[in-house]
Amino acid sequence: MTADPLSARRLDARKCAGHLRLSLRERSWQGSQGNWAGAGTGSSIDFQDHRPYMPGDDPRYIDWAAYARSGQTIMKLYREEVSPRIDLVLDVSRSMFFDPAKAEQSHRVFFFCMESALSIAAALKVFVICGSDLQLIPLEQAMDPMWQPETAAGAETVPGLEQIPFRPHSMRILISDLLFDVPPDPLLSVLSAQKGNGVIFAPYLEKEQNPDWSGNMELLDCETGRSRRQRVDAGLLQRYRMAYARHLQSWQESSRRYQVRMSRIPCGVDLAAALESESLPQGVVETWG
């Protein structure tokens, strides 16, 4: 019996999440009580600092040894432990799913992010978006083995990130091929607002950035379904490749400026190999276990 392709994608993502995870170790977080270093002080065993006692402080954290030495009432401060907030957003415009290899890798990256977040007991919210069409997916639905994100069509293809209720200090993960003709800054500013930790996974096909078009071609716009006849010569092909490279460079430069970590994910290759070669050096994922 052949395994269901969707189940295989989930199993592959879960396998990757067994030794790779979203990069959380070098950040401090805010959220509900959990096991990760927070931005505030709390009651973990990780000692952080001292400060003078103030009325209303919990007497359990008075440093009695310091009081015996100096006669001053001093509080021990410990690192707060929290569950990180993770807001996961999947772009479901048609360009993400028109090619089987790209659809498969987009699903795998999405499920990897889900598995990674759940494995560390993060406070996870899942959204799918196409233009201004936004859906919050209940977590129990997203975890259902039979559920999968579906592609959507619309006149707008630029994801309306500004309408997403991102939580302050959350890790905001956008999975998108970034193939829309707008400046990156407005979208990146949303990912980094309110001290958000922005992350982008950008699935791509080699034939998107380096096509082998030649002669009379029928070009299909996968978003609108419209087609047109086009004569492609070497000059036009070179201009396309240069425009693609400029577009990518613009996203990479702006991502650094907004401190949003970005990783491109090649399609048609093993997910673990793609994450290890592309995402690990960028600090988008980290090893663990």
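Which of the residues that make up region 148-166 are surrounded by 14 or more Cβ atoms within 10 Å (Cβ to Cβ) and either over 18 Å from the mean Cα position of the chain (by Cα) or of a type outside the set (S, T, N, Q) (or both)? Across region 148-166, the qualifying residues are PRO149, THR151, ALA152, ALA153, GLY154, THR157, VAL158, PRO159, GLY160, LEU161, ILE164, PHE166.
Looking at region 245-289, which of the residues that are charged (D, E, K, R) and not in a helix (DSSP H, G or I) is nearest to the chain's Cα centre (by Cα)? Show your work before the answer.
Restricting attention to region 245-289, the residues satisfying the condition of being charged (D, E, K, R) are 246, 253, 256-257, 261, 264, 270, 276, 278, 286.
Now restrict to residues that are not in a helix (DSSP H, G or I): 261, 264, 270, 286.
Numbers: ARG261: 9, ARG264: 11, ASP270: 19, GLU286: 13 Å.
Looking at residues that are charged (D, E, K, R) and not in a helix (DSSP H, G or I), I get ARG261.
Here is a check on your reading of the model: is ARG239 modelled with pLDDT under 90, over 27 Å from the mean Cα position of the chain (by Cα) and either surrounded by fewer than 13 Cβ atoms within 10 Å (Cβ to Cβ) or assigned to a loop (DSSP other than H, G, I, E, B) (or both)? It is false that ARG239 is modelled with pLDDT under 90, over 27 Å from the mean Cα position of the chain (by Cα) and either surrounded by fewer than 13 Cβ atoms within 10 Å (Cβ to Cβ) or assigned to a loop (DSSP other than H, G, I, E, B) (or both). Consider region 167-189 and keep the residues that are out of contact with any Ser or Thr (no Cβ under 7 Å at 6 or more places or on another chain) and buried (at least 21 other Cβ atoms within 10 Å of the Cβ). The one that is farthest from ARG226 (Cα to Cα) is SER170. Selection of region 253-286 for residues being loosely packed, with under 14 Cβ neighbours inside 10 Å and either outside the structural domain of SER119 (by TED's automatic domain parsing) or under 16 Å from LEU178 (Cβ atoms) (or both) yields GLU253, ARG256, ARG257. Total residues in region 190-206 satisfying the condition of being surrounded by 14 or more Cβ atoms within 10 Å (Cβ to Cβ) and over 16 Å from the mean Cα position of the chain (by Cα): the figure is 1.
The values are calculated or read from the model by the stated rules, or taken from the named source; none is laboratory data. From a predicted model like this one, the values you see are computed outputs, not experimental measurements. Here the Cβ is made from the backbone with ideal geometry for all residues, glycine too, and neighbour counts use every protein chain on show.
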